[in-house]
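Notes follow once the structure below has been shown.
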Amino acid sequence: MKRLFILVLCIFFGYMSFGQGVSFSYLIPKNGYLSAPVSPFSVRGIGLGNKIGVETGATLYSIPGLAMEKLPFEYEKPLTGPHYALLVPMELFFKIPFGPMQIKLLVGGFGWWNINTRINEGNMDRAFRNYEGWEVLNSDFKLKDQLGLGWMAGVEFEFKVNDNFSITAESQYLKGAASSHLTGSYTGGTTASGIQTKTVDLEDTAILLEGIEFSIGVKFSK
């Protein structure tokens, strides 16, 4: 997966001479906390082709919280965050002229990397406490950051100002996961059973990135 991520970056830089866009992107994740209203960095719409083609880009998100899966239980609140995440899409597009604007249909995949992922210790403790049925619990866990993959699809509205400059508004649905080996231990119990400690070594756990992405930006073409 790391080789795929490097390949996408190479394509990203290779297409920069044909067209590029700068955008403000906003992420609304499922079972997660909303991202910062403006991403620290976002360059999208870099690609090759006119009516039909391929495009890529990169967005650095400030992530308050994301959900996890493949735990011994289901929990619908964020278990990670806050942290940063780099998302690199690779999509096919098809443009449809519609009066003074163009509608662009997009579908493809993305790679994403969680940077220095933090555990939401409050939610994690509550999740394991509910799972065990204990009165109190304190955890000491670690996550291993790995490259995640997913698919995405959406629509973009492009309002052309002149031959070299356009204003864009885009909405896409994303669904992906990044493996995150969860290790550590937790201590807790009840008044009746006393205090005990259990270890955790869950290789299959994953951080989820599923939700809706909104972007507003400008695009330059050559």
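Tallying residues that are of a type outside the set (Gly, Ala, Ser), closer than 30 Å to residue 108 by Cα and in contact with a Gly (Cβ under 9 Å, 6 or more places away or on another chain) within the stretch 167-222 yields 17.
Number of residues in the stretch 45-66 that are buried (at least 24 other Cβ atoms within 10 Å of the Cβ) and under 25 Å from residue 31 (Cβ atoms): the value is 4.
Answer yes or no: is there a residue in the stretch 174-183 that is outside any strand (DSSP E or B), touching a His at 6+ places or on another chain (Cβ under 6 Å) and not β-branched (Val, Ile, Thr). Break it down into steps so the answer makes sense when it comes.
So the first thing to find is which residues in the stretch 174-183 are outside any strand (DSSP E or B), and the list is 180-181.
Within this subset, residues satisfying the condition of being touching a His at 6+ places or on another chain (Cβ under 6 Å) are none.
Looking through the stretch 174-183, none of the residues is outside any strand (DSSP E or B), touching a His at 6+ places or on another chain (Cβ under 6 Å) and not β-branched (Val, Ile, Thr).
Can you tell me how many residues in the stretch 116-142 are exposed (fewer than 13 other Cβ atoms within 10 Å of the Cβ) and under 17 Å from the mean Cα position of the chain (by Cα)? Walk me through it before giving the result.
Initially, the stretch 116-142 is screened for residues exposed (fewer than 13 other Cβ atoms within 10 Å of the Cβ), giving 116, 122, 130, 133, 135-136, 142.
Subset that is under 17 Å from the mean Cα position of the chain (by Cα): 116.
Here the count works out to 1.
I'd like the residue in the stretch 17-38 that is part of a loop (DSSP other than H, G, I, E, B) and over 12 Å from the mean Cα position of the chain (by Cα) and, out of all such residues, is modelled with the lowest pLDDT. The extreme case among them is 17.
Filtering the stretch 146-169 to residues that are in a loop (DSSP other than H, G, I, E, B) and within 16 Å of residue 70 (Cβ to Cβ) leaves only 146. Note on the stretch 184-216: residues that are under 19 Å from the mean Cα position of the chain (by Cα), part of a strand (DSSP E or B) and not acidic (Asp, Glu) total 9.
Please determine whether any residue of the stretch 83-97 is buried (at least 22 other Cβ atoms within 10 Å of the Cβ) and among the aromatic types (Phe, Trp, Tyr). Looking for residues that are buried (at least 22 other Cβ atoms within 10 Å of the Cβ) and among the aromatic types (Phe, Trp, Tyr), one finds none in the stretch 83-97, hence no.
The values are calculated or read from the model by the stated rules, or taken from the named source; none is laboratory data. Predicted, not measured: the structure shown is a model, and the values here were computed from it. So basically every Cβ, Gly included, is an ideal-geometry build from the backbone, and we count neighbours across all protein chains shown.
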